[in-house]
Amino acid sequence: MEKYIEILGGIIQRQALRNPRAARGLLNAAYSWVRFSGRRSKKPGVRAPSDGMNSAVAGTLVDSFRRPQQAVMVNIFFPCEMIHALGLQPMFPEGLSAYLSCTACQHVFAQKAEEAGIPETFCSYHKTMLGAALTGVMPAPLLIANTTLACDANQLSFRQLAGHYQVPHAVIDVPDQVTQDAVDYVAGQLRQVTAQMEELSGRKLDENVLRSVIARSRRTIQAQRAFLDARGRVSLNTTMTGELCSLIANHVMLGRPEAEDYLTRLLSCAQTAPPPDPGRRRVFWMHTLPNWQDSMKGLLETDRCELVGTDLAIDYLGDMDPEHPYESMARRVVYSINNGPALRRVEASLTAAKQAGAEGIILFCHWGCKQTMGLSQLAKEVFEAAGLPTLVLDGDGCDSRNIADGQMATRVSAFLEQLEGLRP
Amino acid sequence: MIGYTCKYTPVELLEALGGYPVMLDREVGDFQQAERLTHANLCCHAKAALEQGGAMEELIFTDCCDSTRRVYDVLRQRGGHRFLALLDLPHQDGPCARARLRDALIRLAGEYSAHTGVEFRRTVFLAQCRRALAHPLPPGPFLAVLGARMSRPLLELVRAKLPLPVADLTCSGNRALPPLPPGADTLPFEDLMDWYAGALLSMPPCMRMADLTGRRALTEHPGLKGIVYHTVKFCDYYGFEYAQLQKSLSLPMIKLESDFTPQPAGQLATRLEAFAESLGLEFSRPAAPGPSGAGCALFAGIDSGSTSTNMVVLDRERNILASAVVRTGAKAQNGARAALDEVCRQLGCGPEAFSAVLATGYGRGNIPFATDARTEITCHAKGAHFLRPQARTIIDIGGQDSKVICLNETGAVTGFLMNDKCAAGTGRFLEMMARTLELDLPEMSRRGLEWKHELTISSMCTVFAESEVISLIADNHADSDIIHGLCKSIAARTAAMVSRAGGVPPYIMTGGVARNLGVVRALEEQLGAPIFLPEEPDLCGALGAALLALEEQG
């Protein structure tokens with residue numbers, strides 16, 4: 001990590017406890033710079049579109065810091081098209097946690113949450129965002145709304161946040177059964193929460209605007225499908241941050257012009273990119289990525305390795321129907337590969353990995369994520385039976401206190417050596 | 001037999017279809033099989049269920065948490081069960097959610113009936129529902145276990161150790177149904193299942209449900225005198241409620257965390273007995289044959305710890321006449337005998353000179369010459385209040401555990417926290433790191449104050465921290481800077497514990513780690529307040545024990 005970021009992170013950590021408004025101001029300034037510079041990125045290949053998407057995400061953080069009363073705090077799996085259509089801002093604290101870790105200031109927030117009694121074993125993204133609220137750095141939103149997909153942490157953190165901020169809280173109960181009945185059940189709840197947003201914000205939802213947002217989501221997913229079709233035939237200069245951008249573009253930002261622009265630019269890059277580089281091992285990634293970790297960047301973003309995709313970014317690739325906006329949003333949640341039996345996610349990941357021409361899979365067990373940890377051995381068995389060597393890698397997407405950096409680097413390095421040794 | 005884990009499991013329906021439901025609440029020796037099939041950091045109850053359930057022919061899980069879902073997935077993938085089901089349990093309890101659960105129950109009934117070959121027996125179902133009617137809590141004062149499910153052996157131990165009836169109000173206990181609807185004998189099956197779905201969803205909610213209003217009643221019963229709050233390692237649900245209850249509840253409460261393996265009896269006994277002491281509900285202890293004699297005026301306290309055994313002798317005026325610190329060694333009895341010999345040597349008397357000897361520490365139950373015993377929580381509080389009456393928070397870091405004890409102005413314990421099965425932040429952690437740095441502990445303490453550059457040891461785990469230290473050594477960092485990083489790491493962990501316990505200044509620090517000034521300074525910085533250090537921080541527990549011996553016998 002750059003020295004100046006570490007210095008900034010140190011200052012923010014001190015201010016977070018003494019003067020949270022000042023800490024928020026510093027974060028605002030830092031993320032405003034990310035927004036500004038990302039738009040103008042001239043980096044080669046997919047790095048410029050990634051910077052552009054990163055800029056848009058940083059923009060949501062800045063806007064929700066500045067105008068929290070126009071922000072709805074949601075989890076990453078919450079379908080946000082109605083929020084976009086109402087002109088409100090999605091505020092997704094998991095994203096903030098990832099940004100805080102890249103600003104070298106996450107420890108103070110995780111520690112603050114632990115001091116308040118949040119279990120040390122809890123997901124660090126959620127722990128960090130709780131700490132950001134408890135310190136007063138993250139402001140109170142208009143409404144908090146979360147789905148029960150994809151993990152238990154949502155049920156705990158968002159309820160806790162609602163209690164802390166004393167703001168209304170809505171829960172979208174997503175059944176484990178992947179059926180049309182479940183879609184109808186979720187669609188009904190989405191209608192209710194939209195009405196709640198209208199009431200709280202004093203804005204009336206224009207159904208035509210919602211339809212056009214859903215139409216944009218549809219085009220974005222279509223662009224993503226086309227990109228994935230081409231992905232296996234080309235080599236791209238991907239990064240962990242870029243993969244996270246794809247995840248966000250396909251979730252909270254889906255329906256916004258920036259997400260459509262991002263996927264369209266990615267597709268355009270893929271259409272002109274060179275064929276697979278024989279010197280780089282093609283690795284498919286499962287679960288979130290530790291983009292804060294220099295040792296991982298030094299292995300995964302080099303001329304030795306190419307990240308060819310991540311399962312969280314492709315958890316639903318079906319068509320959205322603008323004439324049935326709520327059902328479309330509900331279907332995306334219910335039919336997400338993260339819902340239902342673990343085997344759905346494992347098999348979809350295997351298909352995606354093969355489509356992307358992966359030679360191996362890294363399954364990242366992020367600290368506290370029982371969903372992913374619980375399926376890790378099952379997935380490894382399925383992937384390896386299909387001929388894809390798999391590394392189950394323990395780590396943390398945002399908190400360095402829970403990892404052994406040297407061990408992680410050794411494992412990933414050895415895995416790349418293993419893939420190199422397997423090349424015909 | 002059909003194994004199940006959750007109170008929302010429709011056990012009455014399963015029995016009506018020929019099943020014999022059995023709760024998977026046993027402890028297991030290890031998680032070898034479960035960790036091979038899943039991951040070490042999965043909820044320990046789920047891993048225990050996987051160990052137990054793997055051998056059962058019939059299993060039913062509810063969609064109650066991420067870990068349980070994955071246990072079901074893994075067992076389903078492995079195959080070999082004659083019946084294996086996952087009940088899709090809603091998070092809400094409104095009409096739509098109830099209808100969904102009704103449909104899920106009807107589907108389950110069809111599948112299980114096809115498996116057992118038994119048609120739905122309405123009389124059995126109704127009889128089982130009547131048996132599950134809300135049963136009253138114990139009459140008169142009682143204690144409750146709240147939070148995450150507890151293994152049966154641990155619940156039995158808690159019941160044996162506490163002096164009042166203990167109600168099981170955990171997520172797998174406290175199961176009761178409302179009265180049957182009118183005309184239940186003739187209701188169509190679908191309507192009966194609709195009532196049953198509503199009945200299941202009307203139970204006091206567990207923490208995975210969306211609306212937790214019904215949980216308030218659990219802590220508002222007038223007969224409830226105290227709570228043992230239980231959490232399971234790697235289950236996150238109940239840590240949240242515990243944190244909230246700590247702020248809002250006026251009842252005495254103790255937290256226990258377990259992992260569905262046999263628990264260390266000594267530490268558990270210490271906690272439970274200290275909890276009973278704080279309730280003013282002490283146990284009757286048989287008087288041990290001791291060295292007491294008529295007219296004797298010496299009162300001794302002996303603290304049998306994991307590393308050292310410490311002893312203090314007082315006269316009636318509370319003057320310290322003798323003290324000893326000896327290594328405990330392999331047997332607590334031998335260490336205690338050596339400490340007794342040492343104080344007798346200093347006093348020039350024999351053991352018969354003592355009016356009372358009160359034992360504390362992990363080995364307190366194995367000291368043959370002790371006349372009484374108390375937990376180290378009570379004894380540390382007594383000793384610290386004697387040494388520093390202003391102190392409101394004791395930070396005790398010993399060889400194998402660390403504690404934070406909160407006191408009021410009279411020295412009474414108002415709350416306490418102890419670390420769990422983890423060496424991080426204890427004397428053992430420092431010992432391991434000193435060994436890695438090839439230093440002895442006094443040298444480590446001295447060098448830690450000579451640091452020049454700020455280093456951070458971020459790992460909270462002892463093993464990971466050791467590998468970080470090795471990396472820092474390899475990077476040629478000065479050992480004084482590394483030691484300072486370690487001191488900060490212990491201080492951060494301890495300060496978080498102080499905060500969780502609700503500790504406030506003035507602080508006093510006891511235990512062997514108080515001799516490490518690097519840790520003390522780092523902790524003062526974290527807490528933002530000075531820490532009082534007694535001259536002999538190791539002797540605080542023994543001193544408190546001697547004071548209690550004097551009060552009770554003198």
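The values are calculated or read from the model by the stated rules, or taken from the named source; none is laboratory data. Everything quoted here is computed from the prediction, not taken from an experiment. Cβ coordinates were reconstructed from backbone atoms using ideal geometry, including for glycine residues, and neighbour counts include every protein chain displayed. When the accessible area is computed, the model is the full protein with side chains, heavy atoms only, and any ligands, DNA or RNA have been set aside. Shrake-Rupley method; radii C 1.70, N 1.55, O 1.52, S 1.80 Å.
Here are the numbers for this structure:
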{"quantity": "Helix-only CD estimate at 222 nm, as mean residue ellipticity for chain B, using -39500 (n - 2.57) per DSSP H run (n ≥ 4)", "calculated": "-12500 deg cm²/dmol"}
{"quantity": "Euclidean distance between Cα centres, the range B:312-377 to the range B:11-88, Å", "calculated": "50 Å"}
{"quantity": "Calculated FRET value between A:Arg191 and A:Ser41, using beta carbons and R₀ = 41 Å, to 0.05", "calculated": "0.55"}
{"quantity": "Förster radius 51 Å - calculated FRET efficiency between B:Val22 and A:Asp319 (Cβ-Cβ, nearest 0.05)", "calculated": "0.65"}
{"quantity": "Prolate/oblate/rounded call for the range B:29-124, Cα gyration tensor, a/c under 1.5 rounded", "calculated": "oblate"}
{"quantity": "Contour minus Cα-Cα distance for B:Arg130 and B:Thr186 (0.36 nm per residue)", "calculated": "18.6 nm"}
{"quantity": "Average beta-carbon neighbours from other chains, 10 Å sphere, peptide A:167-178", "calculated": "4"}
{"quantity": "Label zone at B:Arg216 (point 7 Å along Cα-to-Cβ), backbone N below 18 Å, the range B:172-202", "calculated": "B:202"}
{"quantity": "Estimated inter-spin distance, B:Glu450 and A:Gln407, nm [label 7 Å along Cα→Cβ]", "calculated": "3.2 nm"}
{"quantity": "Partner chain coverage, peptide B:314-320 - average Cβ within 10 angstrom", "calculated": "0"}
{"quantity": "Proximal charge balance of A:Asp405 [Cβ under 9 Å; K/R count +1, D/E count -1]", "calculated": "-2"}
{"quantity": "For residues of B:62-73, the mean tally of beta carbons on other chains within 10 Å", "calculated": "6"}
{"quantity": "Cα convex hull of the protein assembly as shown - mean projected area over all directions, nm²", "calculated": "41.3 nm²"}
{"quantity": "Long-range amide H partners of A:Gly45 with built H, under 5 Å", "calculated": "none"}
{"quantity": "Euclidean distance between Cα centres, the range A:16-35 to the range B:106-141, Å", "calculated": "57 Å"}
{"quantity": "Between the range A:126-195 and the range A:358-424, the Cα center-to-center distance that results, in Å", "calculated": "30 Å"}
{"quantity": "Sites B:Gln390 and B:Glu317 - FRET efficiency at Förster radius 35 Å, r taken between beta-carbons, to 0.05", "calculated": "0.95"}
{"quantity": "Dipole magnitude of the protein assembly as shown about its Cα centre (Cβ charges: Lys, Arg +1; Asp, Glu -1), debye to nearest 20", "calculated": "1200 debye"}
{"quantity": "Chains A and B, summed buried accessible surface - 1.4 Å probe, Å², nearest 100", "calculated": "4300 Å²"}
{"quantity": "Linear extension gain, B:Lys331 paired with B:Ala55, 0.36 nm per residue minus alpha-carbon span", "calculated": "95.4 nm"}
{"quantity": "Protein accessible area in chain B, 1.4 Å probe - carbon and sulfur %", "calculated": "52 percent"}
{"quantity": "Farthest positive-ward along the protein assembly as shown dipole, Cα basis, beta-carbon charges - from B:His91, B:Ala359, A:Ala162", "calculated": "A:Ala162"}
{"quantity": "Computed P(r) (all Cα pairs; the range A:3-422; 10 Å bins; percent)", "calculated": "5, 23, 34, 28, 10, 1, 0"}
{"quantity": "Positive-end residue of A:Thr128, A:Pro325, A:Leu61, charge dipole of the range A:3-422 with Cβ unit charges", "calculated": "A:Leu61"}
{"quantity": "Within the range B:393-533: Cβ-based charge dipole about Cα centre, in debye rounded to nearest 20 (Lys, Arg +1; Asp, Glu -1)", "calculated": "300 debye"}
{"quantity": "Fully extended contour minus Cα-Cα distance, from B:Ser202 to B:Glu525, at 0.36 nm per residue", "calculated": "111.3 nm"}
{"quantity": "Distance between modelled label sites at B:Arg435 and A:Leu422, nm, 7 Å Cα→Cβ extension", "calculated": "3.8 nm"}
{"quantity": "Electrostatic dipole magnitude of chain B [Cβ: Lys, Arg +1; Asp, Glu -1; Cα centre; debye, to 20]", "calculated": "720 debye"}
{"quantity": "1.4 Å probe accessible area per residue over chain B, in Å²", "calculated": "39 Å²"}
